[in-house]
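Chemist: Take this structure first; my questions come after.
The values are calculated or read from the model by the stated rules, or taken from the named source; none is laboratory data. All values reported here derive from a predicted model rather than from experimental measurement. SASA here: full protein model, heavy atoms, side chains in, ligands and nucleic acids out. Shrake-Rupley method; radii C 1.70, N 1.55, O 1.52, S 1.80 Å.
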Amino acid sequence: MKTKLRNVTVTLEVELARWARIEAARHEMSVSRFLAALLKKEREDKDQYNAAMKRALGRRAFPKSDGKYLSREEAHDRPGLR
């Protein structure tokens, strides 16, 4: 199955456009494919971060805490050191 593509016009500063052309050439890609790969990577990173955040916030409460997370004092409370 073919992926539908959409044309997008991007306006870049001269130096940034030059960098993009050089980097795309180093990766043997067009600037369009290079920018698409950068955007795809950014989206994947954010999706992974959001999934990890959801897992972390979905965990059960810690023992000895009134809320979902220990306070700083509770987390660092070491009765044997006092």
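Chemist: Which residues, taken from the stretch 4-63, are aromatic (F, W, Y) and part of a loop (DSSP other than H, G, I, E, B)?
Modeler: Across the stretch 4-63, the qualifying residue is only F62.
Quick grid of which residues meet (1) open to solvent by less than 80 Å² (accessible area, probe 1.4 Å); (2) modelled with pLDDT of 95 or more:
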position	(1), (2)
T3	no, no
E13	no, yes
R21	no, yes
A25	yes, yes
S30	yes, yes
R33	no, yes
L38	no, yes
E42	no, yes
Q48	no, yes
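Chemist: Quickly run through the stretch 64-82 and pick out the residues that are at pLDDT below 75 and not in a helix (DSSP H, G or I).
Modeler: Passing the criteria: K64, S65, D66, G67, K68, Y69, L70, S71, R78, R82.
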